[in-house]
Amino acid sequence: QVQLVESGGGLVTAGGSLRLSCAASGRTLSFYAMGWFRQFPGKEREFVAAINWTGSTYYADSVKGRFTISRDNAKNTVYLQMNSLKPEDTAVYYCAAGVWASRNAPSYEYWGQGTQVTVSS
């Protein structure tokens, strides 16, 4: 079992930055693919970014060039650096662990509880 805990969410004005962290316990994340998803009220979870165990990264078009996913296997933690934030980035952000770096939420086996990101205009 892998337990994931997100942190770093909060309120920021448009154009600002936040860094989300996803700390894992129970197993090493070294051989897991990790993903970040977000969920808007009344919507399904939406792919944001993913990183596989080799370090290859993948991004949704809506965040490409603004968000950066990274991992620190020594700290068993994955990060999402979010720059140039927009009000439409407001959502609950979730990290997930799975076998493959997929854009599809059901592909991930373990999920965190989510952290709220609110971007004011």
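The values are calculated or read from the model by the stated rules, or taken from the named source; none is laboratory data. Note that the structure is a prediction, hence the values are computed from the model and not measured. Cβ coordinates were reconstructed from backbone atoms using ideal geometry, including for glycine residues, and neighbour counts include every protein chain displayed. Just the protein is used for accessible areas: all its heavy atoms, side chains included, with ligands, DNA and RNA removed. Shrake-Rupley method; radii C 1.70, N 1.55, O 1.52, S 1.80 Å.
If you go through region 12-61 and keep only what is small (Gly, Ala, Ser) and either touching a helix residue (DSSP H, G or I) at 6+ places or on another chain (Cβ under 8 Å) or not in a loop (DSSP other than H, G, I, E, B) (or both), you end up with 14, 21, 23, 24, 25, 30, 33, 35, 49, 50.
The residues of region 97-118 that are surrounded by fewer than 20 Cβ atoms within 10 Å (Cβ to Cβ) and aliphatic (A, V, I, L, M), listed by number, are 99, 105. If you scan region 76-96, which residues turn out to be open to solvent by 10 Å² or more (accessible area, probe 1.4 Å), at pLDDT 95 or above and not aliphatic (A, V, I, L, M)? Result: 77, 79, 81, 83, 84, 86, 87, 88, 90, 94. Only a single criterion out of (1) farther than 16 Å from residue 4 by Cβ; (2) at pLDDT 95 or above; (3) out of contact with any Pro (no Cβ under 7 Å at 6 or more places or on another chain); (4) of a type outside the set (Asp, Glu) is not satisfied by residue 14, namely (3).
Return the residues of region 29-68 that are surrounded by 12 or more Cβ atoms within 10 Å (Cβ to Cβ) and either hydroxyl-bearing (Ser, Thr, Tyr) or at positive phi (or both); say none if nothing qualifies. Across region 29-68, the qualifying residues are 32, 57, 58, 59, 62, 68.
Go through region 86-119 and give me each residue that's under 13 Å from the mean Cα position of the chain (by Cα) and of a type in the set (Asp, Glu). Within region 86-119, just 89 meets the criteria.
State all residues of region 1-28 that are within 15 Å of residue 96 (Cα to Cα), open to solvent by 40 Å² or more (accessible area, probe 1.4 Å), in contact (Cβ under 8 Å) with a residue 40 or more places away in the chain and of a type outside the set (A, V, I, L, M); if no residue qualifies, say none.
Looking only at region 1-28, we keep the residues that are within 15 Å of residue 96 (Cα to Cα), and these are 1-7, 20-28.
Applying the additional criterion that residues be open to solvent by 40 Å² or more (accessible area, probe 1.4 Å) yields 1, 3, 5, 7, 23, 25-28.
Narrowing further to those that are in contact (Cβ under 8 Å) with a residue 40 or more places away in the chain: 1, 3, 5, 7, 23, 25, 28.
Once the filter is applied, which keeps residues that are within 15 Å of residue 96 (Cα to Cα), open to solvent by 40 Å² or more (accessible area, probe 1.4 Å), in contact (Cβ under 8 Å) with a residue 40 or more places away in the chain and of a type outside the set (A, V, I, L, M), region 1-28 yields 1, 3, 7, 25, 28.
Taking residues in region 103-121 that are more than 19 Å from residue 31 (Cα to Cα), and partners anywhere that are open to solvent by 100 Å² or more (accessible area, probe 1.4 Å) and part of a helix (DSSP H, G or I), the pairs with Cβ atoms closer than 9 Å and at least 6 places apart or on different chains are 119/88.
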